[in-house]
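The values are calculated or read from the model by the stated rules, or taken from the named source; none is laboratory data. Computed from a predicted structure; not experimentally measured. Don't worry about glycine lacking a Cβ; one is built from the backbone with ideal geometry, like all the others, and counts go over all protein chains shown.
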Amino acid sequence: MSDGHRWLAIYLQDHYASAVAGAALFHRVAGSHSDPTVRRAVADLAAEVDGDRRDLEEIMKVLSIPHNKVKENLAWGAEKLGRLVTNGAIFRRSPLTDVVELEALSLAVEGKALGWKTMLTLAVSERRLDVGQIQALLDRAVLQQSRLEELRLARARKTFG
């Protein structure tokens, strides 16, 4: 294995582990956000994020990059620990929780978009990668960011008002 492939393997394993944690976060917010409209919107995004994770998994297979279960389990556990945010209330949700969770979702999608941008750059010279597929994934991440930003700003206005 070349050094470049080794670094790419680590990079994609890290992104995949983040995708596992991100998907768990999307599903949690879709089930717990205080606003039913936001819950529905995040549930739709969660389905897309699940699809993005599956696409990344397929790209890894094409490139002969295995899963790293240790990283995936650590990322999943980190998402669970991330629930312990200081939100002004100890045993219940606060309005701040809704804002912070939407910001966390936005950060997750931003990281995913950066990964797709990197992969798009590599796809120019790596024939096993489908440039069109990766561009579509990047475009979808940009749309997800836009939708999350609308939700985040609306919730921030309502919370801080």
query = Are there any pairs, at least 6 apart or on different chains, whose C-beta atoms fall under 7 Å, with the first in region 55-70 and farther than 18 Å from Ala23 by Cα and the second outside any helix (DSSP H, G or I), and if so, which?
reply = Val62/Arg128; Leu63/Arg128
inquiry  = Suppose we keep only residues that are of a type in the set (Lys, Arg) and free of Cβ contacts under 8 Å to residues at least 60 places away in the same chain within region 122-161. Which one would you say is surrounded by the fewest Cβ atoms within 10 Å (Cβ to Cβ)?
reply    = Arg127
note = Across region 1-45, the tally of residues that are free of Cβ contacts under 8 Å to residues at least 60 places away in the same chain, in contact with a helix residue (DSSP H, G or I) (Cβ under 6 Å, 6 or more places away or on another chain), small (Gly, Ala, Ser) and surrounded by fewer than 17 Cβ atoms within 10 Å (Cβ to Cβ) stands at 1
task = Could you list all residues from region 89-121 that are of a type in the set (Lys, Arg) and either in contact with a Gly (Cβ under 6 Å, 6 or more places away or on another chain) or surrounded by 18 or more Cβ atoms within 10 Å (Cβ to Cβ) (or both)?
result = Lys112
ask   = Does region 96-116 include one or more residues that are farther than 20 Å from Ala23 by Cα and at pLDDT below 95?
value = yes
request  = Count, please, the residues in region 121-161 that happen to be in a helix (DSSP H, G or I) and farther than 19 Å from Asp52 by Cβ.
outcome  = 10
note = Across (1) within 16 Å of Val62 (Cβ to Cβ); (2) at pLDDT 95 or above, Glu126 clears everything bar (2)
task = Looking at (1) part of a loop (DSSP other than H, G, I, E, B); (2) farther than 22 Å from Val99 by Cα; (3) modelled with pLDDT under 95, find the lone condition where Ser64 falls short.
result = (3)
ask   = Out of all the residues in region 1-19, which are part of a helix (DSSP H, G or I), among the hydroxyl-bearing types (Ser, Thr, Tyr) and under 21 Å from Ser125 (Cα atoms)?
value = Tyr11
